[in-house]
Amino acid sequence: DHGAGNKPVRTRLAPAKENGGNEHETDETGAVIYLIGNPIVTMVFNVPLNDALAAVDPASANGAAVWANYLNAWVMWNHVRTVTAIVAMACFIMALI
């Protein structure tokens, strides 16, 4: 026996739910929301924007245009990442209670 202190939180709290809840659906929903809204959004949208910005001369007219596009698009996708992380966290919390 490793003691209750070494068991994952999920294992310690599972008996409180008495296996009657929808914790698996909530876990899966949270995982999907997190995966789509964070690493995938980052790879598909934010990283290419970063790469485009890094490839231009900041003092050029093209650099100013790329920066204007970058600022609007990157901030919008960052908001998507923030909201999906919060929603995923709420799903994971609901799975525990």
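Here are the numbers:
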quantity: In order through the stretch 61-71: 3J(HN,Hα) via Karplus (6.51 cos²θ - 1.76 cosθ + 1.60), integer Hz, x for Gly, Pro; calculated: 5, 5, x, 5, 5, 5, 4, 4, 5, 4, 4
quantity: Linear extension gain, residue 54 paired with residue 96, 0.36 nm per residue minus alpha-carbon span; calculated: 10.9 nm
quantity: Accessible area of the stretch 26-97 divided out per residue, in Å², using a probe of 1.4 angstrom; calculated: 63 Å²
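The values are calculated or read from the model by the stated rules, or taken from the named source; none is laboratory data. Keep in mind that what you see is a predicted model, and the values were worked out from it rather than measured. Surface areas here come from the heavy atoms of the whole protein model, side chains and all, with no ligands, DNA or RNA. Shrake-Rupley method; radii C 1.70, N 1.55, O 1.52, S 1.80 Å.
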